[in-house]
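Novice: First the structure, which I've put down as structure tokens, then a few questions once you've had a look.
The values are calculated or read from the model by the stated rules, or taken from the named source; none is laboratory data. Treat the numbers as computed from the prediction; the structure is a model and nothing was measured. Glycine also receives a Cβ, built like all others from the backbone with ideal geometry; neighbour counts cover every protein chain displayed. These area figures cover heavy atoms from the full protein model, side chains too; ligands, DNA and RNA do not enter into them. Shrake-Rupley method; radii C 1.70, N 1.55, O 1.52, S 1.80 Å.
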Amino acid sequence: MSAPSPRLVIRLAVLMLVMVVIQETAISQISIFGVNADVTPLIVMSVGLLTGSMTGAVMGFATGLLVDTVLVQTLGVTSLLYIAIGYWSGRLRELRDPAHSLVPLAAGAAATAVAGIGMTLIQFLLGVDSPVSWLLAQQIFITVLVNTIIALPVYAFVRRVITPALPEDPRRRRRRAYTTGGLSPLQRPSQRLGPITRGTTR
């Protein structure tokens, strides 16, 4: 797999910085059914679906490290979870080539669940005083529902931002060649076959 282009790296870095700042300064202040939406795992999931496993994992590591730094919490905890989210989202793209419009919804729900449940388990293992109760499970469930609702627009936003810097997918070229017979669909049959000579009857 080829390394991402400098143009893509710049776009991903700017996207990460902007979205983490927006998450911590604005979105985290908005309460929906008693919980806060979290777009950072959705951003990592979207990048994985669009770019592949390695780029998704690197994006997950960098985003998680930035989140831990901004929140002044144990470095590496969020990165570990986001690496898994970015990598497996990318593997889903590489193995299954998901093209259905509802795939980001399912992937967003899974990414949010991994982030919420994984953070709770890691804090418990580290001995952090974080009580595990029915209320916490309810909050994680509602957060998954809220993030599932916003997963599709977040995915569409990320795709709009980074698609101009992505190389053309060979699978997309093969599909287009198969459906058009290897020729441009804009060409008319007469242009593909050349001028048609008609004999005159006398």
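Novice: Please enumerate the residues belonging to segment 17-46 that are among the aliphatic types (A, V, I, L, M) and open to solvent by 60 Å² or more (accessible area, probe 1.4 Å).
Specialist: LEU17, VAL18, VAL21, ILE22, ILE30, ILE32
Novice: With the requirement that a residue be under 17 Å from ARG159 (Cα atoms) and either in a helix (DSSP H, G or I) or in contact with a strand residue (DSSP E or B) (Cβ under 9 Å, 6 or more places away or on another chain) (or both), what does segment 86-105 give you?
Specialist: GLY86, SER89, GLY90, LEU92, ARG93, GLU94, VAL103, PRO104, LEU105
Novice: Please pick out the residue among ARG96, ARG7 that is free of Cβ contacts under 8 Å to residues at least 40 places away in the same chain and of a type in the set (Lys, Arg).
Specialist: Among ARG96, ARG7, only ARG96 is free of Cβ contacts under 8 Å to residues at least 40 places away in the same chain and of a type in the set (Lys, Arg).
Novice: I would also like to ask the following. Here is a list of conditions, (1) part of a helix (DSSP H, G or I); (2) over 22 Å from ALA107 (Cα atoms), and THR63 meets all of them except one; can you say which number that is?
Specialist: In the conditions (1) part of a helix (DSSP H, G or I); (2) over 22 Å from ALA107 (Cα atoms), THR63 misses (2) alone.
Novice: Considering segment 155-170 alone, what residues qualify as being open to solvent by 20 Å² or more (accessible area, probe 1.4 Å) and either touching a strand residue (DSSP E or B) at 6+ places or on another chain (Cβ under 9 Å) or hydrophobic (A, V, I, L, M, F, W, C) (or both)?
Specialist: The answer is ALA156, PHE157, VAL161, LEU166.
Novice: Turning to a different aspect of this structure: Being closer than 18 Å to ARG160 by Cα, open to solvent by less than 30 Å² (accessible area, probe 1.4 Å), modelled with pLDDT under 95 and not aromatic (Phe, Trp, Tyr) is true for just one of GLY116, GLY90. Which residue is that?
Specialist: The match here is GLY90.
Novice: Is there a residue in segment 118-132 that is in a helix (DSSP H, G or I), more than 17 Å from the chain's Cα centre (by Cα) and aromatic (Phe, Trp, Tyr)?
Specialist: yes
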